[in-house]
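Working notes for the structure below.
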């Protein structure tokens, strides 16, 4: 083999190795991001759903994570809406109409995310026996608003 074909082969192998390394790093990063998202959802769901028995929480979480794309879209949309709202709040001068619109968008996005969570919960409860549903506890401090208390 002459020097020119060896160089070409070496160059080809170096490019293939670099491409493989880049793809592996990309895949590893995507995998880690997915694991972070799942853990973040689990922690948030655990916090929000403390009143529910562990078996119900696990099933609701399983249902939520079945369609990660929809859940990520809802969470990302809410995050972006909040960022836009904060930007409007910080603007000088304050544009009240823009602030009202940004707050309305945050409410809408919050409602969309809550609808996903409640749908997964309703699906789980529809398949849960009454004796297990009876173990659901009301929040200890009501809604935590204006000093309300649970019955």
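The values are calculated or read from the model by the stated rules, or taken from the named source; none is laboratory data. Nothing here was measured: the structure is a model prediction, and the numbers come from that model. Please note: Cβ atoms are built from the backbone with ideal geometry, for glycine as well, and neighbour counts cover all protein chains shown.
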Being surrounded by 10 or more Cβ atoms within 10 Å (Cβ to Cβ), modelled with pLDDT of 65 or more and in a helix (DSSP H, G or I) is the requirement here; does residue 41 meet it?
no
Tabulated pairs, the stretch 87-99, first outside any helix (DSSP H, G or I), second surrounded by 10 or more Cβ atoms within 10 Å (Cβ to Cβ), C-beta under 8 angstrom, 6+ apart or interchain:
91/98; 94/88; 95/88
Residue 85: modelled with pLDDT under 85 and either surrounded by 13 or more Cβ atoms within 10 Å (Cβ to Cβ) or touching a strand residue (DSSP E or B) at 6+ places or on another chain (Cβ under 9 Å) (or both), yes or no?
no
